[in-house]
């Protein structure tokens with residue numbers, strides 16, 4: 001465990017020093033993780049490959065922003081990858097909704113109060129999730145954060161699809177009870 005941490009620290013330092021061998025090692029080590037995260041979000045294989053490349057470039061450009069005091073490198077990379085994949089997926093649908101969003105912003109309805117309320121709901125959601133069984137937390141995050149299919153969750157966690165669906169149902173019931181019907185907005 002300590003040796004893996006040292007290897008990761010060495011890799012991060014090489015990326016910060018802009019060593020190309022660091023990027024090569026990064027891609028060898030983390031490409032499977034990136035593809036695992038991107039796969040459920042982007043279905044087109046070309047989009048997936050482009051997203052992996054975009055993530056690698058972002059890591060290269062933003063490695064100085066990684067702070068080990070805030071979390072692990074894998075967590076930072078996972079969040080970065082997920083967000084880039086979601087942004088790429090949204091960009092694909094953007095042309096349809098772009099004019100609606102522009103009208104919304106121009107009308108002044110993009111109120112800071114809504115953003116604050118959304119942030120408070122997310123904090124409440126995290127609090128409720130933190131009190132659940134670890135397996136239920138993993139299922140929730142896999143389904144709603146990483147957008148994995150029920151079949152993929154079941155296969156990787158050693159459960160049946162029906163068991164995953166049942167747990168998701170009970171998780172949603174608990175969230176509705178504790179947060180009200182608006183938790184998913």
When you look at residue 108, is it assigned to a loop (DSSP other than H, G, I, E, B) and at pLDDT below 85, yes or no? yes
Qualifying residue in segment 40-50 (condition: surrounded by 12 or more Cβ atoms within 10 Å (Cβ to Cβ) and touching a residue at least 60 places away in the same chain (Cβ under 8 Å)): yes
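Given the structure, is residue 59 touching a helix residue (DSSP H, G or I) at 6+ places or on another chain (Cβ under 6 Å), part of a helix (DSSP H, G or I) and modelled with pLDDT of 90 or more? Quick ask: steps written out before the conclusion?
Numbers: touching a helix residue (DSSP H, G or I) at 6+ places or on another chain (Cβ under 6 Å): no; part of a helix (DSSP H, G or I): yes; modelled with pLDDT of 90 or more: yes.
When the stated conditions are applied, residue 59 does not pass them.
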Can you run down the residue pairs with Cβ atoms below 9 Å, 6 or more apart or on separate chains, where the first is in segment 153-182 and assigned by TED's automatic domain parsing to the domain that holds residue 137 and surrounded by fewer than 13 Cβ atoms within 10 Å (Cβ to Cβ) and the partner is modelled with pLDDT under 90 and assigned to a loop (DSSP other than H, G, I, E, B)? 156/148
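The values are calculated or read from the model by the stated rules, or taken from the named source; none is laboratory data. None of the values given here were measured: they were computed from a predicted structure. Don't worry about glycine lacking a Cβ; one is built from the backbone with ideal geometry, like all the others, and counts go over all protein chains shown.
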